[in-house]
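Just so it is clear, none of the values below were taken in a lab; they were calculated from the coordinates. Keep in mind that what you see is a predicted model, and the values were worked out from it rather than measured. Cβ atoms come from the backbone with ideal geometry, glycine included; neighbour counts cover every protein chain shown.
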Amino acid sequence: MEGSVPNQKVASENERELVKGKGSNVMKIALCHLDVSCGPQEKNLEKISRALQIAGEGGARLVVTPETAVQGYYFHRIDEERKLEVQPAPYLDGLRNLVKQYGVYLFLGCGEYAEETGLHHNSCFVFALDGILQSRHRKIYGEKLGAEKWASPGEGMSTTNCDGLQVGVLVCADSWFDERPLSLKEQGADLLIDIAAWPETKETGNPLPSWKKVTKITGLPFVLCNQTGKPKWMDMSIGESVAIQDEVVKCKYSGDEAVLFLEFDTATKKIASNKFEVVKFK
């Protein structure tokens, strides 16, 4: 489905239970392919909220944003004095309420301040159906250079449980290093989800072969939510959101802002879609 979102009511509970996989083996995943790299944060939160609404009304159970979707990937270059907060901060309450309203798991890219260490991290938070922070993964890869010089690397990899599905969480270039997805496989992951700000560039080349390699070395399906837009530092508009199974790209999208739906078979633990269902974002 491509085009603007129709005015539609939230599906009935029975319809939503079926489409989310409780009455079948199908679980819908929605990727929020958004232009959020330059913020400002208030605008990003509005976009994420709208995308979450579209995803919820479309029957998604897992909703995924790009890397640092809350503050914007380039927030530190725009304002080097910007301070990050301990998370979840009060300004995430609106998103958490939508999580509860639609009954979804939200994989949210967000910078955070770790009070216990005094360090800042580029993180992916997983909010459960009740809006409570269920788990977090702090990006391990980080050379404290360029747009990410504010962030310190996290430690360790872990999976998170979503309706019995064990999801391994990665942030962008975490998937470049074999040991990280392999660690998630060893921990029983059924699916790998990566949140990213990762288009093809002259310096790093095309990242797609590295994403395919993840599925080769782990045997696991791999889903990556990228972002779009054209900030002056890097052309994100060519960045691809993908779903890959056994080195085969099942779904791929780049370009305008959109919410991308795919289906996942929870019985076979395989991607069931051969292309994204695209709802252009307005």
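Odds and ends about this structure:
- Whether segment 95-163 is rounded, prolate or oblate, judged on the alpha carbon gyration tensor where a/c under 1.5 counts as rounded: prolate
- The charge dipole of segment 58-212, taken about its Cα centre with unit charges on the Cβ of Lys, Arg, Asp and Glu (plus for the first two, minus for the last two), comes to roughly 260 debye.
- For segment 118-199, the set of GluC sites (Glu not before Pro) satisfying both a DSSP loop assignment and a count of at most 12 other C-beta atoms within 10 Å is given as Glu143, Glu155.
- Residue order for Lys212, Lys282, fewest other beta carbons within 10 angstrom first, comes to Lys282, Lys212.
- Note on Ala89 and Ile238: the extension gain reaches 50.5 nm, defined as 0.36 nm multiplied by sequence separation minus the Cα-Cα distance.
- Between the listed residues Ala60, Ser158, Ala196, the Cα displaced farthest toward the positive end of the dipole of the chain, a dipole computed from Cβ unit charges relative to the Cα centre, is found at Ala60.
- Segment 256-279 versus segment 205-247: alpha-carbon centroid distance in Å: 15
- On the basis of the beta-carbon distance and an R0 of 25 Å, Ser24 and Asp246 show a calculated FRET efficiency of 0.60.
- Dipole magnitude of the chain about its Cα centre (Cβ charges: Lys, Arg +1; Asp, Glu -1), debye to nearest 20: 440
- A protection proxy built from the mean count of other Cβ atoms within 10 Å ranks the segments 131-138, 47-54, 166-173, 68-75, most packed first, as 68-75, 166-173, 47-54, 131-138.
- Beta bridges by DSSP in the chain, antiparallel share as percent, to the nearest 5: 75
- Taking 0.36 nm per residue of sequence separation and removing the Cα-Cα distance, the Leu119/Ala267 pair yields an extension gain of 49.2 nm.
- Counted by neighbouring Cβ atoms within 10 Å, the residues Leu34, Leu165 run from fewest to most as Leu165, Leu34.
- Relative to the current alpha-carbon distance between Glu46 and Ile217, full extension at 0.36 nm per residue lengthens the span by 57.8 nm.
- Most tightly packed first, judged by the mean number of other beta-carbon atoms within 10 Å of their residues, the peptides 79-88, 237-246 read 237-246, 79-88.
- Cα-based shape type of segment 43-167, given that a ≥ b ≥ c are square roots of the gyration tensor eigenvalues and the cut on a/c is 1.5: prolate
- In terms of other Cβ atoms within 10 Å, Thr65, Thr117, Thr204, Thr218 run from fewest to most in the order Thr117, Thr204, Thr218, Thr65.
- For the chain: rounded, prolate or oblate by the Cα gyration tensor [a/c cutoff 1.5]: rounded
- Cross-link pairs Lys28/Lys216; Lys47/Lys216; Lys185/Lys252; Lys83/Lys202 - those with Cα-Cα distance over 26 Å: Lys47/Lys216; Lys83/Lys202
- For the chain, the relative contact order is 19 percent, taking Cα pairs closer than 8 Å that sit 6 or more residues apart in sequence and dividing their mean separation by the residue count.
- Simple rule: put +1 on each Lys or Arg Cβ and -1 on each Asp or Glu Cβ in segment 13-280, find the dipole, and look at Ala128, Leu108, His33; the Cα lying farthest toward the positive end is His33.
- Residues Asp79 and Gln187, FRET efficiency given R0 of 35 Å [Cβ-Cβ distance, rounded to 0.05]: 0.40
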